[in-house]
Structure formats: C-alpha cells, structure tokens
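All remarks here apply to the structure that follows.
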Amino acid sequence: MGSLTDIGVAAGINILSALGFLLAFAVLRIQPINDRVYFPKWYLKGTRSSPRSMGTVFSKFVNADLSTYIRFLNWMPAALQMPEPELIEHAGLDSAVYVRIYLLGLKIFVPIAVLAFIVLVPINWASGTLEKEKSLSYDQIDKLSISNLGKGSKRFWAHIVMAYVFTFWTFFVLYREYKVVTTMRLRFLAIQNRRADQFTVLVRNVPPDPDETVSEHVEHFFAVNHRDHYLSHQTVYNANTLAGLVEQKKGLQNWLVYYENQHAKNPAKKPTMKTGLWGLWGKRVDAIEHYTTAIEELCKQEDEERHKVITDPNAIMPAAFVSFKSRWGAAVCAQTQQTSNPTLWLTEWAPEPRDVFWPNLAIPFVELSVRRLIMAVALFFLTFFFMIPIAIVQSMANLDDIERMLPFLKPIIERNSLKSIVQGFLPGIALKIFLILLPTFLVMMSKIEGHTSLSGLDRRTASKYYLFLFVNVFLGSVITGTAFQQLNNFIHQSANKYAQSVIASLLWMWVRGIPEIVGESIPMKATFFITYVMVDGWAGVAAEVLRLKPLVMFHIKNTFLVRTERDREQAMDPGSLDFGTTEPRIQLYFLLGLVYAVVTPILLPFIIVFFSLAYLVFRHQIINVYNQQYESGAQFWPDVQRRLVIALIVSQILLLGLLSTQEAEKSTVALLPLPVLSIWFHYVCKGRFEPAFIKFPLQDAMVKDTLERANDPTLNLREYLKDAYVHPVFQKNDIYEFAGIDEEEKNPMVATKRQSRMNTPVDSKFNSSSGTNEGEFSRMAPT
C-alpha cells in the first residue's frame, strides 16, 4: 500500500485539476459567445435568446458585467433548486432517475463511512500488529486497515458484525429506492402524453408466404387474430444503403457551405481544393463547382436507390411496426405469444420512434443468435488481452517490486518527488488513458449483436463495460499486482525451478481459490484505487462540466459553416447522458466502496466526494445541456439494481476469502449467510418490482384509453400514427401505398391472395391458411 505522501501528491494534483476545470467553466459559461455551448437545452426548447443580440460589439463576445464574475459559483445552488417533478417534466424520467444513482451512493456510503470511522478505524489503529512485526514494511494507511489485525484476532468479530450492519443498511436503501423508482415510472407512464409507441408493437420473424407479400401477410394475420384492435402497420425496409448516401450528402453539403462562406468573404478569389486524399494531393479544382457536381451526382444515386428500395420485394424485411386502436390492444399483443411456434411472429413493445436503431432492423432474425455468440467470444478475448496494459499500470503501483527485479533503476525511483508522482498519480491516469477507446469498441459490438433500439444498445453496452471493468480494472488490478510480487521469486531461479515454480503457483491459486487470493490482496491495492477514484471521479467529472470538445467544435462550425440561425442551432452539440459508459463507471465506485468499507474504510471519503461532485455536475448538465436521444421511462433501473447486488455479494465473498487467510476460520463461518441473504434479497426485489419495467399493466392501459376517449372523442388515431414509424429517409416521400395498410375498415371480410390448401368445414368466399402450422383463421375483419 502506498504512503500518505503518495496519496497527498495525487490528491493535490487532482484537486487542483478539478478546481481548474470548475473555475474555467464558471468563467467561460458567462461569456455571451459561449452561451449556446453551456445552455443548449434552453435554446432547443425555444425559451432562451442569445445575449449577443443586444449591447455593444465588445459585449457580444465578452461579459463586461463585473458582478457576474463575483457570483460565478451561482450555478451550483441553481443546479439543486429545480424540484424533481419539474426536472422530470423538463428533462424526462430517464435523466431524473439517472442522477438518483449518485444520490443513492450518498445514501449508502455516508452512514457506512460514519460507522466505519467510529467503530472499525479505531479498532484497526489500536491493534498495533504491524508495529510489532519488525520484518514487515508498511505505511501509515496500513494501520487504518484490517491488515493491522493479527492472525486469529478476536477483533475480526467487529468487522463481521459491521459487515452485517452494512449489508442490511444497503438492503434497506436499495429496496426503498427500487420502490420509489418503480412508483415514479408507473406515475410517469400514467400521466405521459400520447405517444406512438404506446399503440405500436414491433413484430419480427414474419414467416414467408408463397401467396402474399410480407405486408399482406402481416395485415392478414393481425386483422384475423386481433380483429377488434388492429389498426394499421408499416413494413420495415432495408434502407441502410440509402441512409449511407443521405449521410454522405450531408457531409458534402457541409463542405459546400464552408467554401461558399469563404467565397462570400472574398468574392474576388474563388476557393480551390485538391481532389486527392484529405485534400493533400491531386488535381486542383474549383471547390464550389466540385462539391456542387458531387452533390448532384449523389442526389441521382439517392433517387435511384430510393426507388429500388420501394419497388424491390427483397428490400422488405420480415418485420413490421403494427399499430392498434388502443393501448390495451397493443399491450395484449406485445405481452403474449402469437402462435404455437414460439420462434415466429415475435412481438415486443416498439421503441419510441426516435429510439429506433434503424440499421439493425435490416438484420435477419436468424442471424441474431450467431452474431451474439460471436460477440460473446470477442468480448472474452478483448477482456483477456486487456490484462497486458493493466499489468503495465500495476507495475507503476509496485515500485518496490521493480526495484528488487531491476536494481539499476533504484537511484531514479528513490527520488522522493518522482516516486510520489509515479506511485500516487500516474497509475490512475494511465488506466484512464487505456480505457478511453474501449467504449467505442463495446458500442460497436452491441450494434453488431442486432439490438433494435438505442436504449437497448446502451443497456447492452453497459453490461459489457461493467463486466470489463469488474474483470480488468478491479480483479485484474488486484491479481496482476499480486503476480508482480511473485515474479521476483521466479526470475532468480533456474529454468527448471522456474517452470516448477510457475506450475506450483498456478496449482496453489487453483487450490486456494480466487476469493482467498483476491481477498488477501485487496488491502494492498487501496492506494491504487484511491488514485483512480481521484483521477477518474474528481478530475474526470469536473472536466465533464467544462465541455472542452463541444466548445472547440462549436466555434469551428460557427466560424466556417454557419450562415443562418438554423445553421447555428445545428452547430450546437448538447450531447446526452451516455448511459452505456457512465453507469458502469458509477457501479465500479459502488463496488470499491462496498469492498473496502470493512477492509480499508479510508477509501470511503474519496468515493463520497465523487458522488457529491457528480450529483451536482450531472444535475446541472441535465437541466442546461443534455438533450436525451430517447425516453425509456427508467427501464434501465433493474440493471442498476442487479449490478449493485452483485457488487454486494462480491464484497462479502472477498471478505470471507480475506478472513480465511487470517486463521479466523470460526469467525469466517459467520459470514456464509450473507451471500445467501443477498441472493434472496435480489429475487425478492426482482419479483416485487421488475415486472413494472417489463410489462405495461392492462388495467393502466384501459384507464388511459378510457380517459383519452372521453377527452378527445374525435381523435383520428390512424392519421396520428401515419408516419411515426417510417424510416427517416422516407419521411418526405409517400410510401403508404406500398405499406399495405387497409383503409377499408368497414369491410367485414379480410381480403387475401392466398390459395386454398386446406378443406374448410363450411362454405367460405375466402380460405386463408397461413402455411405456418397456425391452423384455420376466422377471416372477419374489425368492425
């Protein structure tokens, strides 16, 4: 474990960094030229006007009001003043519940920290075992941890009792929070305004039919089996190529606007460019003419591709968005099995239109299992090979071991200032750098898996990222640190003895088990995790509020691309809560807090500072900056709860493993019920609350339908849903004649092109067998 000096150096650097970011933000946010960077949400809502529209030329760029500089910290209380109901109305339930995760951390760890410092820290300090063992090297922090207790000490019972207290307190807080969030979700859904996804179901794996198109088959199936509730449907097109052409055209149009702006500033000189890669070489041509010609050519390709998508039967996927006359009808369809074959006509609630991830709707359903298997294998190897940079990071945190293995580096390492910086600061920042590109790969893997909504992609990415952080950052840091301590013994042996030692070490790890090995190593890694919390949690959160990248990009776009107010609005980058990458990082802090609460309580204040600062910063960002891409109604909360319970169980198992190495077998047995109780608690919460996040109660659906019919009896629901689930590249094109939507609702029969292949028991004008083992259908249409 590192010394107080190492932690002090790291704390000083990160506190100065955080203060620097916060001060820079406090000054930059009040400058008129940056108003759209730090308050984009209000501009998108249309409730804020630019301060640059009034005043002198100088005041349009720089805030000349000195009193605002005196009140530069007023954003902090302002971020806490908005009541939660108003926050939900302003930013949505997802955002309001997300910031409650930080509040949950404070609710759990503040009381735990108080108890730990009152009970455990004095017991650890008073034991004095490390001072008696002259052969051991230790630091002052070690005296505050469980490492200061001697083997077989009866004082371990205090830690066991506190483990029970911490566990039951965590149970209480988690159960109460789950109940509150569930109530918030049900209330939000009850008072929510009419939305297209409330009436719509996504149907996948529509079976092929030799006599009907996909659109006709979908209409026929739902008009028969949901005769009183089916309204319309929209088939899914594979428009990925067309979407790529549209995006490519947008990029070319941006360059055209840039060069037109350059020409407007200097009409006497026509802008030119080189046609080679990145404009570095190639033939020099007129830039405006070049991009105008390229856009015209791309428009022709776009029209051809659009016509191809609409007319080619192969471009229609075996999937559709099916809309119903009522929420009740949609709930029945989305939450039931449609046929005796559970692999066909698969239904689920449709994501809201802005939540749909259109490229994945073009993936055949039969490919999904294969894709997910391949990604699971890829995730395993990515996690495994990432141990290499983790080991490099841990080498920085074990300078004493490096000195023993490489004695010639001792004069350099022993310099006090250098050693404190390397051991107290660099490991955390190095790990942060290694993790920068990881979320991009994980998001890409989730997209390949075929999830059809942005919220689903975020939740799946979060699961991968949490697994990665748990295995590599937590377990990997501990295990590789232990491995470095064993390496010195191996390299001083002969080849035969080296091989024997490696084999013996592996067998030893297998026999003892991971819980004992990791549990025994946990106290030694406290300093590393403290520095990581300060780098990633303190400085990282403070950097988030500064928004340096969006600030720079906005001014670049504003200088070269903006010609109108609409262009300036599009140049804003409000961003959104990146649940897929931020929530797993929060979960890592929960894990560290729960693991070290009993072992090394000195870590808890650092985690509490993180949760406090993050709650303040992200509440401000949600109110003033972020514009969410979707609204799932806090559907992610069961994942949050599950990972918290996993962290609790891991902390209990590791404490059990640690005590089993301290000749405290009798007291160790007392910990065995804790993991069992935690698993039982998880299933209690799962059964009590999770259904509210998966299913929509039919009673609530009927209440909303009844109220809507009473309040708006003339509602034309078909017109309201008409273009809700049309692919964005078709929004301006009438493709409804291709969608097969039956406009003749009063027709008592369901027309079908299907040829009779079965004898019917009575005479019928139509005979419609699905050909998919679904039997005979009644063909009465909804009236």
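The values are calculated or read from the model by the stated rules, or taken from the named source; none is laboratory data. Keep in mind that what you see is a predicted model, and the values were worked out from it rather than measured. Please note: Cβ atoms are built from the backbone with ideal geometry, for glycine as well, and neighbour counts cover all protein chains shown. With ligands, DNA and RNA removed, areas are computed over all heavy atoms of the protein, side chains included. Shrake-Rupley method; radii C 1.70, N 1.55, O 1.52, S 1.80 Å.
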(message) Quick check for me: using +1 on Lys/Arg Cβ and -1 on Asp/Glu Cβ, what's the dipole size of segment 529-668 about its Cα centre, in debye to the nearest 20?
(response) 240
(message) On a 1.4 Å probe surface of the protein chains, which of Cys299, Cys333 comes out largest in accessible area, and what is the full order?
(response) Cys299, Cys333
(message) At 7 Å along Cα-to-Cβ for each site, give me the label-to-label distance between Thr714 and Lys154 in nm.
(response) 8.5
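What FRET efficiency comes out for the pair Met76/His555, r = Cβ-Cβ distance, R0 = 22 Å, nearest 0.05?
Working: r = 26 Å, r/R0 = 1.17.
Step by step, r from the Cβ atoms, then E = 0.30.
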(request) Compute the separation of the alpha-carbon centres of segment 61-114 and segment 297-337 and state it in Å as a whole number. (result) 42
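What's the extension gain from Ser369 to Cys299 if we count 0.36 nm per residue and subtract their Cα-Cα distance? Display every interim value, and only then the final one.
Values: separation 70, 0.36 × 70 = 25.20 nm, distance 3.70 nm.
Stretched fully, the Ser369-Cys299 segment lengthens by 21.5 nm.
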(message) On the Cα set of segment 232-321, report Rg and Dmax in Å, please.
(response) 18.1, 58
(request) Ignoring everything but the protein chains, give the 1.4 Å probe accessible area of Tyr465 in square angstrom, nearest 10. (result) 10
(message) Using each residue's phi in segment 342-352, evaluate 6.51 cos²θ - 1.76 cosθ + 1.60 at θ = phi - 60° and report the 3J(HN,Hα) Karplus result to the nearest Hz, with x for Gly and Pro.
(response) x, 9, 10, 6, 7, 10, 8, 4, 6, x, 4
(message) About the Cα centre, and with charges only on the beta carbon of Lys, Arg (+1) and Asp, Glu (-1), how big is the dipole of segment 232-321? Nearest 20 debye, please.
(response) 500
(request) Give, in nm to one decimal, the length gained when the segment between Arg688 and Leu66 is fully stretched (0.36 nm per residue of separation minus the Cα-Cα distance). (result) 218.4 nm
(request) Over the alpha-carbon set of segment 534-641, divide Rg by the Kirkwood Rh and report the Rg/Rh ratio to two decimals. (result) 1.09
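Taking Cα pairs under 8 Å and at least six residues apart, what relative contact order does segment 232-321 come out at, in percent?
Working: 86 pairs, mean separation 41.9, N = 90.
Dividing the mean separation by the residue count of segment 232-321 yields 47 percent.
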(request) Would you calculate the separation in nanometres between label points at Leu115 and Arg354, each defined as 7 Å from the Cα along the Cα-to-beta-carbon direction? (result) 4.3
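I'd like to compare 84-92, 70-78, 569-577: which one has the highest average count of other Cβ atoms within 10 Å, and what's the full order after that?
569-577, 84-92, 70-78
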(message) Using the Cα centre of segment 232-321 as origin and beta-carbon charges of +1 (Lys, Arg) and -1 (Asp, Glu), tell me which of Gln301, Ala319, Ile288 is placed farthest towards the positive end of the dipole.
(response) Ile288
(message) Sort 62-69, 233-240 by packing, meaning the average of other beta carbons within 10 Å per residue, with the highest value first.
(response) 233-240, 62-69
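Show me 268-275, 457-464 ranked by packing, highest mean number of other Cβ atoms within 10 Å first.
Details: 268-275: 12.6, 457-464: 23.1.
For the peptides 268-275, 457-464, the packing ranking is 457-464, 268-275.
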